[in-house]
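Following: one structure in structure tokens, then a few remarks.
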Amino acid sequence: MKKLQEWREAKGISYKRPQMLVKPAVKLAVTVPQLFWGPTVEKDEAHSLICALDRSLDDCITLLGKGCTDHVKDVLSWLPAVSKKFAKYWICQARLMEREGNMGVLPMFEEAVGVVLKPVDELRTVVFEILQRKDEIRASEAKEREEDQIQQTKALLRVLPSR
């Protein structure tokens, strides 16, 4: 800038009016103090919540294996809504439906697949087992009905006088 001014003075070039001095705008940045441990503490709390939910759902599956459906219903009722994102929650629901004799687990499975974030393979396996049992129960009931009809027919043939 000085060289330009010197050159102008040497050549006799001058502005008709003096230059306006413009001060550079000073940016004021407001710094919000960030806690160093803040995000870490939040992550730890979230991790501990996830671990607690996972343990609770594991306990529910164990209790269902022992036949304590009432306790499992109580535990599932007080779990937070975020527990629906775990496959184990839906496994518990499917096992409860099976214990109650409600074998229509496919609509529940469809709902679960849309919500679950964790592995769906475990849930798929459980639903498949329940559906297989449902088919086995239907087959055994059909076989029992068939045997009952055969026995009723034999009993009727004994009662009827032979010609």
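The values are calculated or read from the model by the stated rules, or taken from the named source; none is laboratory data. From a predicted model like this one, the values you see are computed outputs, not experimental measurements. Reconstructed Cβ throughout: ideal geometry from the backbone, glycine too, with neighbour counts over all protein chains shown.
Residue pairs whose Cβ atoms lie under 8 Å apart, sitting 6 or more positions apart in sequence or on different chains, and linking a residue in segment 141-154 that is among the hydrophobic types (A, V, I, L, M, F, W, C) to a partner that is part of a helix (DSSP H, G or I) and surrounded by 10 or more Cβ atoms within 10 Å (Cβ to Cβ), do not occur here.
For segment 71-126, filtering for residues that are part of a helix (DSSP H, G or I), in contact (Cβ under 8 Å) with a residue 24 or more places away in the chain, more than 19 Å from ASP59 (Cβ to Cβ) and among the β-branched types (Val, Ile, Thr) leaves 1. You will find that of ASP121, ASP54, ASP59, ASP70, the residue that is exposed (fewer than 10 other Cβ atoms within 10 Å of the Cβ), in contact with a helix residue (DSSP H, G or I) (Cβ under 9 Å, 6 or more places away or on another chain) and modelled with pLDDT of 75 or more is ASP121 and no other.
Looking across segment 45-100, the residues that are more than 24 Å from ILE130 (Cα to Cα) and not β-branched (Val, Ile, Thr) come down to GLU45, ALA46, HIS47, SER48, LEU49, CYS51, ALA52, LEU53, TRP78, LEU79, PRO80, ALA81.
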